[in-house]
Every structure is written in C-alpha cells, then in structure tokens.
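Undergrad: Take a look at this one; I'll ask things after.
The values are calculated or read from the model by the stated rules, or taken from the named source; none is laboratory data. Not measured: the values here are computed from a predicted model. Virtual Cβ from ideal backbone geometry, glycine too; neighbours counted across all protein chains shown. To get the accessible areas, we keep the full protein, side chains included, count just its heavy atoms, and leave off ligands, DNA and RNA. Shrake-Rupley method; radii C 1.70, N 1.55, O 1.52, S 1.80 Å.
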Amino acid sequence: MRAGPSQEEIRRHNLGALLRHVHLGGPTSRAELTSRMGLNRSTIMALTADLTAAGLVREELPRETGRAGRPSLVVRPESARVYVFAFDVGVDRLVAARVGLGGAILDRRETVRRRGPFSLEEIVGPLAGFARQMRRKTRPDTVCVGAAAAFSGGVNRGNGVVRFGPNMGPAEDVPFAEEMTRRLAFGMPVKVGNDANLAALAEHSRGVGVGCRDLIYLHGDVGVGGGIIVNGQLLGGHAGFGGEIGHMVVNPKGRLCGCGSLGCLEAEVGERTLLEAAGRVPGAVSVATGPGAVPVAAGPGAVSIAAGSGADGHETPRSGADGRRERLIGRDAVRAVVDAADRGDIVAQAALSRVGDWLGLGVANLVNVFNPEMVIFGGMLREVYLGSAAQVRSRLAVDALSASREGLRLRTSALGDDATLMGAAELAFAPVLADPLEALARAGS
Amino acid sequence: MTPVLELRGIDKSFGPVQVLHDVDFSVHPGEVTALVGDNGAGKSTLVKCIGGIHAVDSGEYFFDGKTVQINSPRDAAELGIEIVYQDLALCDNLDIVQNMFLGREHRRGIVLDEDTMEEMAARTLESLSVRTVKSIRQHVSSLSGGQRQTVAIAKAVLWNSKVVILDEPTAALGVAQTAQVLELVRRLADQGLAVVLISHNMNDVFAVSDRIAALYLGRMAAQVRTSDVTHAQVVELITSGRSGDLGLTNGVSA
Ligand SMILES: Nc1ncnc2c1ncn2[C@@H]1O[C@H](COP(=O)(O)OP(=O)(O)O)[C@@H](O)[C@H]1O
Ligand SMILES: [Mg+2]
C-alpha cells in the first residue's frame, strides 16, 4: 500500500491551491481563503507568507473603506511581476501577449494575416519576434513562468505537433511546439493546445462557465471549433483531437467542407456559408433558405477575398485590382450580415435563419449526447447566435430531448475575442499553479 | 421557486377603454422574462402598473410572496423594482457618476462623498464587465445609445434592485450595441436579479430569455418556458393570442 502524501506534498498542493484562488478569483481576504479552502487561519497565514516571500502574491489592506470593523488583509496576485507569454494562431490573426498572474493582459501585439496556406515560418517568425519585443520592455524584477499557444487546428497532445485545419493549409503534421520553443529560446518549453479547447477551459475557469461541471464551447473562426468539458475535465480523446464539433456531419447531402466531407456543421454554419447565403461573396450564388437542396460551395481559395478590416474595426470595403469590389471578411463581415438583417434585409435574414437552423440542429445533437449545463457561443458564433437565436432555440425545442435540455443555459463567451488567448495563458500558468515554488525556481534558473 | 414579483387578475382602464384584462404575470429571480406582444397590447401599461405610475383598478400584487400595496413609483423603488423606460431618465448635463446617484442620496438618508460615489459607480460598472465607457466622469450627453442604456441598467444594480424592467432597451441600437446590452441583461439575471425584457425582436427574446410572457389585446395569452416553444408558436401567440394548446380560448386564458 502506498503511504499517504507527505507533509511536503500537502504543502505543495496547498500552495498551488491558494495561488489558483487568487489567480482566478482576484484579490481575496485571508478570512475568505480560510473558509473557501477549508483550512485553518494559521495554515493560510503560513502559505501566504511562503508565496509572498517567493514574490507570487502580496498582502495589502483592502482599498474599500466605509465598512465597519477591522478589515482583513487582502491577498493579491503579483500581476505585474509574474507573467507568461500567450500566443494565439487564428486563421485571420496572430496574437502574442504578456499575461500577468491573475489574468491581466500586460502587453500585446497582433498582426492581421492574409488568408491562404500557412507555413510554419510565417507563424513562428512573427510570434517569436513579438515575444522578444515585449520581453525587452519588461523590468528586471519580472519573471516569466511559462509560455503556451492556442492553435487553430489539431494538436497532438503528446508532442505538440499540429495538423493544419482545413482553413489553414494542407493537412500535414508540423512540429509547431518544438519550433516555437527553439525560436523563442527562453529556456522553457512552449506548450500548444487546440484554440477552441483552450477557450473552453478559459471560459470554464474565468469566464461565463465558472461553476459549470459540464459545458460545451463552440468557437467560430471561419470554421467551427469546439471544446467539450465533462465533469470538469476537457474531453481530449485518445490523442488530443477530441471535440471537433465543426466536423460533426449534420447534413449528408449538404455543402462541401474544407475537410472533404459533405455537410459538416462548419460547412453549414461557417463564415463562408453565411456570407454566400447573404449574397456577400463575389461570384457566389445566393443560397436557398431552409434545409433543402443547396448548391455546393466552391472549394477554399476559389474566391478572392481580402482582409477588409481597418485597425479601428470600421468597415472598409476595398476595391480589388480587377476593379471588382472585394468584401469584408471575418467578424466584420458576419456582423455586417446581422446588421443588415436587423435593418430588414430579407436576404440577410434568410441567411441567418438558415444558418441558425443548422446551428440549432448541431447543438441539439450535442445536448442529447452530453447533457451539458451550458453551451457557449464564442468567436464569430457569438454574433451568429445573437442574430439567429429564435431559429437556434426553435430547433432545440423540437430536436433535443426534453430531459436533456432541461436546465440548459445558452450563453455567449464572456472573454470574447480573447477567449483563445486567455486559454493559452491558462495553459502556460498550469505549472506554477501546480507547484509554485518549484516552477519559480525553474523559471529563475 | 417562488416568484419575486407576482401580479394576479390585474384590470386597468383608461376612462372607458379597458387596456388590461385579468392579467397574471410572475417574475423569477435569476431569470430573464421576455414580455412580448403587438403594439398596443398593453406591455408598457403593465410595466407602469408594476412601477406604481398607474394605479390598477383591481387585482393583487405580491412581492417575495407577500401582498403589497403600490401607490407610487416610490413604493416600487423601495421594494427594489427598477424600471428603465423607453425614454431614459438620464440627465444629459450630468456625468455618469452623478446620474447613477441622482435622486437617491437623500432618499436613503445617506450623504456620500464624491470619492466614495465614484468608487461605487466604478465597481458596479466593473462587476458588469462594462468596458465601453472611457471615463465615468464623462457627461451623459457624450454617450452612445448603448452606453446610455448601460448606465441606466448599472444604476439599477448599484441600488441593489431585485427586479429590473427594461422597456425596449435595444429598439434604437445598432447590432454591436444590442449585443452588449443583451449580454448585460443576461449577466444581471445570472447574478440573481429578476429581469423583465420587453422587445419586438424575436432573436433578442430567444437569445437571452428563460420565460416568455405574451400579451394579446390586453390579456396574458400565455407565460411559457422559452426552451419549450418555437419561434412560430410565439409569433402565433402574439398575433392571435393562441397556438395549439397554448393561449387563450374564446378570449379567456386557458
Ligand atoms: N395614458 C393613457 N391613456 C389612455 N390610453 C392609453 C394610455 N396609455 C396607453 N394607452 C392605451 O393602452 C393601450 C396599450 O398601450 P401600451 O401599454 O403602450 O402598449 P404596448 O406597450 O404593448 O405597445 C393602447 O391602446 C394605448 O393607446
Ligand atoms: Mg410600449
């Protein structure tokens, strides 16, 4: 029989638990920590003292006044001192950020990516450059305790090898984690996770899904990604490729998906489909409403699309070289469809209604299989859900089992555009939250 | 779960015209109740009865399970009912903090200093994840429609309201601001408040509501769980007062 945990193991565990509390919950009084962690006051004091000595937290009098009685000291994370690098590789953008303990974004760099096949160098080069720029600006007393990236595509859990998603390039294995680690050369490994998986975890730990043990997150970024959390744990599957909700086939006679199948959820509700149905992709046929016969979409890359969004997020349709008006893409384009529908554009309304119908069908299937407490719509699906909720929920009322949908809450992402990035940050913070002193020692060496 | 607010058998006439007929309506904490109905169905009148602006002709009014008398807006406010009317009662020439405390300080007999008011306002906006206003010392006249709604809603939260009623808060807003207001509405309910949302937009209604109450010609046609109905059923309830087994029979609640 294995002996019980040693004193040292218990202390290590408690240090991590306390740090996690203030990392996720923000400044917390000792009294609150005592009751929430179920430990006695003197233990909390000792743990806090250790974490303070290590420079991970700081104790302060609470700022708020006005309440009677002696205020309890508040334990705050050392957000400005202890940080990680978080990266987000989306179809349209590359983001690098320095995120402080507690979850504050301290610094960030972002570049718009022109759509088309990715090469490893095109991703790693800018991200590593951003990280070095940001690192040069840090004060000498700061410490980087981890680095991680959210990647829009399949990620092998074992070795961080990624497989480009259908919207990113040819389906080949690429040693992304290894290359990021080598190029950063910060003396620590860069971890990698699927972007929607990580966003699901971020919403679960510090977003709209706090307190939910079973939730499903759907992420719209050209295609549709997903993260399924079952009993508090991310469902990774055998090799880490689990949760690809976007490739659940909902319409076998439907539209051609980038993955080669017909009628995947992402082929029926993705950005391209919505824009085509709304008559907003040049050269595309407007798509009939309702789940009837629909024209099969041209393959990816067949239509010329330009990044039409200015840095300020305003709509800036531009003229192509051939004089044809190139259209908005991405979030701005989706928002423009919802906006048009709201102002009475019948084609836009029909497009949203059709997409909402398929989205509702997909969610109904998920609800019947997983009986989640919450389904979260993130990325572009936030706009799509808000603009087609009547259709989505009508489908659910009809197609989901009443027992499975009872108590179901449908929500939009609380972390918004930063959900994937924050998910990467959480992945990077994992070691310091598991064993604070050891992780810090490793980072300092 | 007991409703925080419940009306039973409300009748209301303006002169010879009866606008509300035997209306039952209940509102639950932690939920968004959408109040829908065609123009002239009586939604705003019902809300004004709840808020003590109109006296009802007959009917019962329960708050937290107890019978109460509402004779003025002040009575409703004392109970913790906050109503954001279509024409927002914000003062353009005052800043956000001043607006959030307007008409409140003396009522509760508290005198607050500027710093405390500023901090309370800031913390309330932060608790609602409102990041759209640049400075809380900004004049309300410089705010967009969505930001004004946000301030009006935040005011309700600041004063620990239990019931917040929003009469068509997204009617004049663009899509981006509508999304923000809808998410704020949802967050209020998720924090435990009872929220009533009046809206003509069925996507807004389905996006955030837990229940739908449909008024038809001054009668409550049905109050249903949003998860149990389809868009088509709700439209039928609004336009004809009934849909299948739901709704009015011969103009009377089933
Ligand atoms: N103060 C009033 N005096 C007379 N009639 C009124 C008054 N307020 C509302 N009404 C009438 O009551 C009916 C319901 O109006 P209202 O409650 O504003 O409907 P809704 O908000 O559902 O559009 C309408 O026929 C309206 O003309
Ligand atoms: Mg009205």
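Undergrad: For n ≥ 4 DSSP H runs only, could you compute -39500 (n - 2.57) per run for chain B, divide by its residues and tell me the 222 nm figure to the nearest 500?
TA: -9500 deg cm²/dmol
Undergrad: Let me ask you something else. Give the accessible area for B:Phe62 in Å² (nearest 10); use a 1.4 Å probe, count only protein heavy atoms, and leave out ligands, DNA and RNA.
TA: Accessible surface of B:Phe62 is approximately 30 Å².
Undergrad: I would also like to ask the following. Quick one: ranking A:Ile123, A:Ile105, B:Ile136 by accessible area, 1.4 Å probe, largest first, what do you get?
TA: Result, largest first: A:Ile105, B:Ile136, A:Ile123.
Undergrad: Once you place label points 7 Å from the Cα toward the Cβ at A:Leu235 and B:Asn39, how far apart are they in nm?
TA: With each label placed 7 Å out from Cα toward Cβ, I get 4.8 nm.
Undergrad: Leaving out same-chain residues fewer than 8 places away, which aspartates and glutamates sit with a Cα under 14 Å from that of B:Lys48?
TA: Cα-Cα hits under 14 Å: B:Asp11, B:Asp57, B:Asp75, B:Glu82, B:Asp87, B:Asp167, B:Glu168.
Undergrad: Given 25 °C and 0.890 mPa s, how large is the Stokes-Einstein diffusion coefficient of region B:92-160 in µm²/s, with Rh as the Kirkwood radius over Cα pairs?
TA: Numbers: Rh = 12.0 Å.
Diffusion coefficient, whole number: 204 µm²/s.
Undergrad: Also, I was wondering about something else. For chain A, what is the calculated [θ] at 222 nm in deg cm²/dmol (nearest 500), taking -39500 (n - 2.57) for each run of four or more DSSP H residues and dividing by its residue count? Can you show the working numbers first?
TA: Working: 14 runs with 177 residues, N = 445.
Mean residue ellipticity at 222 nm (helix-derived): -12500 deg cm²/dmol.
Undergrad: State which entries of A:Lys137/A:Lys191; B:Lys134/B:Lys155; B:Lys43/B:Lys155; B:Lys66/B:Lys155; B:Lys43/B:Lys66 exceed 19 angstrom in Cα-Cα distance in the structure shown.
TA: Details: A:Lys137/A:Lys191 23 Å; B:Lys134/B:Lys155 17 Å; B:Lys43/B:Lys155 23 Å; B:Lys66/B:Lys155 26 Å; B:Lys43/B:Lys66 24 Å.
Those over the limit are A:Lys137/A:Lys191; B:Lys43/B:Lys155; B:Lys66/B:Lys155; B:Lys43/B:Lys66.
Undergrad: Counting only protein heavy atoms and a 1.4 Å probe, tell me what percentage of the protein assembly as shown's accessible area is made up of carbon and sulfur. Numbers along the way, then the final one.
TA: Working: 15170 of 29800 Å².
About 51 percent, which is the carbon plus sulfur part of the accessible surface.
Undergrad: Let me ask something else. What accessible surface, in Å², does a 1.4 Å probe find on A:Arg395, ignoring ligands, DNA and RNA and rounding to the nearest 10?
TA: 60
Undergrad: If you line up the long axis of helix A:195-206 against the longest principal axis of chain A, both from Cα atoms, how many degrees apart are they, to the nearest 10?
TA: The angle comes out near 50 degrees.
Undergrad: Compute the distance from the alpha-carbon center of region A:86-137 to that of region B:19-91, in whole Å.
TA: Region A:86-137 and region B:19-91 have Cα centres separated by 51 Å.
Undergrad: Averaged across the residues of B:174-185, what count of C-beta atoms belonging to other chains lies within 10 Å of each residue's C-beta? Let's see the in-between values first.
TA: Working: counts 5, 12, 5, 0, 5, 8, 0, 0, 3, 8, 0, 0.
Other-chain Cβ atoms within 10 Å of each residue's Cβ, averaged: 4.
Undergrad: Right, here's the next one. May I ask for the angle, rounded to the nearest 10°, between helix B:145-158 and the longest principal axis of chain B, with both axes built from Cα atoms and the value confined to 0 to 90°?
TA: Computed tilt is about 90 degrees.
Undergrad: Taking R0 as 25 Å, what's the FRET efficiency between A:Arg93 and A:Ser119 from their Cβ-Cβ distance, rounded to 0.05? Mind dumping the intermediate values first?
TA: Numbers: r = 16 Å, r/R0 = 0.65.
With a Förster radius of 25 Å, E is 0.95.
Undergrad: Could I ask something else about it? If you take every residue apart from B:Ser141 with its C-beta less than 10 Å away from the C-beta of B:Ser141, what net charge results, scoring Lys and Arg +1 and Asp and Glu -1?
TA: Around B:Ser141, the surrounding residues sum to -1.
Undergrad: Could you go through region B:228-235 in sequence order and give the Karplus-derived ³J(HN,Hα) for each residue, using 6.51 cos²θ - 1.76 cosθ + 1.60 with θ = phi - 60°, rounded to whole Hz, and x for Gly and Pro?
TA: Karplus-based 3J(HN,Hα) across region B:228-235 equals 9, 10, 9, 3, 4, 5, 5, 4 Hz.
Undergrad: Between the helical axis of B:114-127 and the dominant principal axis of chain B, each derived from Cα atoms, what acute angle in degrees is found, rounded to the nearest 10?
TA: Roughly 50 degrees, rounded to the nearest 10.
Undergrad: If you take the charge dipole of region B:92-160 about its Cα centre, with +1 on Lys and Arg Cβ and -1 on Asp and Glu Cβ, which of B:Asn93, B:Thr132, B:Gln149 is farthest toward its positive end?
TA: Projecting each Cα onto the dipole axis, the largest value belongs to B:Gln149.
Undergrad: At 7 Å along Cα-to-Cβ for each site, give me the label-to-label distance between A:Ala49 and B:Ala122 in nm.
TA: 3.4
Undergrad: Further question on the same structure: Let me check the size of region A:7-77 from its C-alpha atoms; what are the radius of gyration and Dmax in Å?
TA: 12.0, 41
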